[in-house]
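The values are calculated or read from the model by the stated rules, or taken from the named source; none is laboratory data. As the structure is a computational prediction, the values presented were derived from the model and not from experiment. All Cβ positions, glycine included, derive from the backbone under ideal geometry; neighbour counts span all protein chains shown. Remember, those area values only see protein heavy atoms, side chains included, never the ligands or the DNA or RNA. Shrake-Rupley method; radii C 1.70, N 1.55, O 1.52, S 1.80 Å.
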Amino acid sequence: MERIAVVGAGLIGSAWAMVFARAGHEVRIWDPAPGASDAAMGVVRARLADLHAAGLISEAADVVAARVAVTAALEDCLAAAAHVQENGPERVEVKRETFARLDALCGPDVVLASSTSGIPASAFTEGLAGRSRCLVAHPVNPPYLVPLVELVGAPWTDPAVVARTRALMDGVGQVPVVALKETRGFVLNRLQAALVAEAFRLVRDGVMSVEDVDACVKEGLGLRWSFMGPFETIDLNAPGGVADYVARFGPLMGGITEEQAPYRYDAPTVERVTQARRGALDVSGIGDRSAWRDRRLMALAAHKRGQPG
């Protein structure tokens, strides 16, 4: 098994450590903030125990956690690594500085991947000598439960690097998808942005309450979308498949999109949504509710694992 370096030990870095370690890889973690890596190990141990209890890992939590080690220096974290997963702040200047250090410290065959949620690799790797081995590997939070990973190369990323990263992600149980070119926000965020913006518009325009819009997704669209994508969904929603669906519903659906002008998250609507959510859940309860979300995702992952694709 290859050694993996995890640079940045926040929630995403901790989750990546679990993903790689449960697949058998030796993992090294480093974070510039004092105490951050040690705190990450606490998260790793707790979440691995949850995964074991849910039947999602067969090995004991402490056995998997033993594959993860904290390092005091970046150089120690990178030593002998075959793949680096960077999880630093979402600021392009920080990414540039970090990747310049990674490029200088790592051998030419080491893949350098960023977990960035929306900054294209071309924005922080252009000036690097080893820019061809750099790409984005954008996970979905939390990646140890939601397996999708978007692989997005810069125009100069070597296709072999993308293929190698895809093989690694396949091997650790993730579901990699490859973007054929860079686009603002990548693909998953663009799909999510369209739905979230429409949800805000519906509240803004007095069409439906916050609670009922949420219900439309969790008790409607989300049930199908947990095991089918939008194209398969519409393919099954008409007897003749996609072409039949478009013939029947294309004018309606196309007309709806004509009404969906860009949405800028106006303050009054954001406040209405905020108040509705705070009425349902105090800020102090977000941590516990997030843990509940993760347990539900574990149950869903366990269910999907036992079903045919």
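Restricting to segment 23-37, give me the number of residues that are part of a loop (DSSP other than H, G, I, E, B) and open to solvent by 40 Å² or more (accessible area, probe 1.4 Å).
4
For segment 174-187, which positions are open to solvent by less than 50 Å² (accessible area, probe 1.4 Å) and either under 28 Å from Gly24 (Cα atoms) or in a helix (DSSP H, G or I) (or both)?
Gln174, Pro176, Ala179, Phe186
Restricting segment 80-99 to residues that are in contact (Cβ under 8 Å) with a residue 60 or more places away in the chain and among the aliphatic types (A, V, I, L, M), which is most open to solvent (accessible area, probe 1.4 Å)?
Ala80
For Ala199, only one of the following conditions fails: (1) open to solvent by 40 Å² or more (accessible area, probe 1.4 Å); (2) assigned to a helix (DSSP H, G or I); (3) at pLDDT 95 or above. What is its number?
In the conditions (1) open to solvent by 40 Å² or more (accessible area, probe 1.4 Å); (2) assigned to a helix (DSSP H, G or I); (3) at pLDDT 95 or above, Ala199 misses (1) alone.
Between a residue in segment 165-177 that is under 19 Å from Val110 (Cβ atoms) and touching a residue at least 60 places away in the same chain (Cβ under 8 Å) and any residue that is assigned to a loop (DSSP other than H, G, I, E, B) and of a type in the set (Gly, Ala, Ser), which pairs come within a Cβ distance under 7 Å, given they are 6 or more apart or on different chains?
Gly171/Ala23; Val172/Ala23
Between Val213, Val207, which is assigned to a helix (DSSP H, G or I) and either without any contact (Cβ under 8 Å) to a residue 40 or more places away in the chain or loosely packed, with under 12 Cβ neighbours inside 10 Å (or both)?
When all the criteria are applied, what remains is Val213.
Which of (1) in a helix (DSSP H, G or I); (2) out of contact with any Gly (no Cβ under 9 Å at 6 or more places or on another chain); (3) under 21 Å from Ser290 (Cβ atoms) does Ala40 not meet, given it meets every other one?
So Ala40 meets the others, but not (2).
When you go through (1) without any contact (Cβ under 8 Å) to a residue 24 or more places away in the chain; (2) in contact with a strand residue (DSSP E or B) (Cβ under 8 Å, 6 or more places away or on another chain) one by one for Ser115, which number turns out not to apply?
Among (1) without any contact (Cβ under 8 Å) to a residue 24 or more places away in the chain; (2) in contact with a strand residue (DSSP E or B) (Cβ under 8 Å, 6 or more places away or on another chain), Ser115 violates only (1).
So that you can scan it fast, the table gives a plain yes or no per residue for (1) open to solvent by less than 10 Å² (accessible area, probe 1.4 Å); (2) under 19 Å from the mean Cα position of the chain (by Cα); (3) closer than 30 Å to Ala261 by Cα:
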| residue | (1), (2), (3) |
| --- | --- |
| Val110 | no, no, no |
| Ser122 | no, no, yes |
| Pro155 | no, no, no |
| Val162 | no, yes, no |
| Ala194 | no, yes, yes |
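What's the number of the only condition in (1) modelled with pLDDT under 95; (2) closer than 21 Å to Gln307 by Cβ; (3) not hydrophobic (A, V, I, L, M, F, W, C) that Gly220 fails to meet?
Among (1) modelled with pLDDT under 95; (2) closer than 21 Å to Gln307 by Cβ; (3) not hydrophobic (A, V, I, L, M, F, W, C), the lone unmet condition for Gly220 is (1).
Could you list, in sequence order, the residues of segment 39-66 that are basic (Lys, Arg) and buried (at least 20 other Cβ atoms within 10 Å of the Cβ)?
Matches in segment 39-66: Arg47 only.
Does any residue of segment 268-281 turn out to be within 28 Å of Pro142 (Cα to Cα), open to solvent by 70 Å² or more (accessible area, probe 1.4 Å) and part of a loop (DSSP other than H, G, I, E, B)?
No: segment 268-281 contains no residue that is within 28 Å of Pro142 (Cα to Cα), open to solvent by 70 Å² or more (accessible area, probe 1.4 Å) and part of a loop (DSSP other than H, G, I, E, B).
Can Asp170 be described as open to solvent by 30 Å² or more (accessible area, probe 1.4 Å) and within 24 Å of Ala80 (Cβ to Cβ)?
Values: open to solvent by 30 Å² or more (accessible area, probe 1.4 Å): yes; within 24 Å of Ala80 (Cβ to Cβ): yes.
So Asp170 passes the test.
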